[in-house]
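As structure tokens, the structure follows; a few thoughts come after it.
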Amino acid sequence: MKSPLFAAAFLGLAASAQAQTLTVLAPDYFGSDWGPGPAIKEGFEARCGTCTLEFRTGDVLPRLMLEGARLEADAVIGLNTDMTLRARETGLFAPHGRDLGALTVPVAWEDDTFIPFNWSYAAWIYDKTRVENPPTSFAELVTRDDLSLIWQDPRSSASGLALMLWVDQLYGADAGPVWAALSERTVTVTAGWSEAYGLFTEGEADMVLSYTTSPAYHIVAEEDDSKAAAIFDEGHYFMAEVAGVLAGAQNPELAADFMAYILSPEFQSMIAYGNWSYPSALPRDAWPEVMRDLPLPDNALFYDETQAEARRQPALDLWLGGMTR
């Protein structure tokens, strides 16, 4: 007859053998209390029953490229559409195996590796108490000399890169003078979004580079409707954040289920307020009212990953040339 101590130890070992940990590489904001990570963790753990979801946070693309096959993770979330080619070319990803018919993003999406989980448009946000007549086109913004601007460096910021590619798509080889004109009214160019947006909310500039969804945060969290996105006639640059399964996943079945969870109504319902962006797999009439009421541009401007990578260096050369005139 075995002792109670032996039986308890056996049951503990059996339980630990059944429990699995899904490790997901994610940007820093997933680990914050205000980000989407805590709700996603709670929801997925309830879905899988005995598993644990752990977000390993940091700079996603640099970690992928630095650690390579040594990367200890099952899945990745938080890459944006302007860097997926570099991520794909690492050879670290496996097909996600999901039906993408539920996607509601405003561009054609056929990708067996990456699933978009949210999206928005790059936009210039202004304070209505400071700017009574916001520009209605990018061309007008370029010629206005009464607006002060803060934005992000395209070499270190996803939103800054989106702006650079937005200008590249609109102006191409003629972008140099555009950057020179913008630089004359630029208060500062920051390394990242948080610093830039913080300076804007402190009143350091009339407009800041952000996203069309940014005003929703102020409306919901602060009951402040003084911030708005200037909607431009030419259209706005589309950005999405994506997720993918790693080929070396220790728990491939859990990773596959995480991809399915991303496309579920439960996950998607967290995105609007958890990430202050548009859900990628919910129709607009299922968005929160504040998101439905935000103005949307008529045209979605977009470079696919091949185009974005091909244009990145030429556009950067034009940016550097214009900014140093």
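Points to keep in mind about this one:
- Thr90 being in a loop (DSSP other than H, G, I, E, B), touching a helix residue (DSSP H, G or I) at 6+ places or on another chain (Cβ under 6 Å) and farther than 30 Å from Asp285 by Cβ: yes
- From the list Glu132, Glu184, Glu140, the one residue that fits, being open to solvent by 10 Å² or more (accessible area, probe 1.4 Å), of a type in the set (Asp, Glu), under 16 Å from Ala228 (Cα atoms) and not assigned by TED's automatic domain parsing to the domain that holds Ser269, is Glu132.
- Criterion violated by Arg312 - all others in (1) outside any helix (DSSP H, G or I); (2) surrounded by 14 or more Cβ atoms within 10 Å (Cβ to Cβ); (3) basic (Lys, Arg) satisfied: (1)
- Residue check for Gln250: assigned to a loop (DSSP other than H, G, I, E, B) and out of contact with any helix residue (DSSP H, G or I) (no Cβ under 6 Å at 6 or more places or on another chain): yes
- The residues listed here are Asp224, Asp317; of these, the one that is open to solvent by 30 Å² or more (accessible area, probe 1.4 Å), more than 23 Å from Gly101 (Cα to Cα) and in a loop (DSSP other than H, G, I, E, B) is Asp224.
- Any hit, the range 255-275, residues being hydroxyl-bearing (Ser, Thr, Tyr), open to solvent by 10 Å² or more (accessible area, probe 1.4 Å) and touching a Leu at 6+ places or on another chain (Cβ under 9 Å): yes
- Residue list for the range 55-98, restricted to those being over 17 Å from the mean Cα position of the chain (by Cα) and loosely packed, with under 14 Cβ neighbours inside 10 Å: Leu66, Gly68, Ala69, Arg70, Glu72, Glu89, Gly91, Pro95, Gly97
The values are calculated or read from the model by the stated rules, or taken from the named source; none is laboratory data. Not measured: the values here are computed from a predicted model. When we count neighbours, we look across all protein chains shown, and the Cβ atoms used for this are built from the backbone with ideal geometry, even at glycine. Ligands, DNA and RNA are stripped out before the accessible areas are found, and what is left, the full protein with its side chains, is counted by its heavy atoms. Shrake-Rupley method; radii C 1.70, N 1.55, O 1.52, S 1.80 Å.
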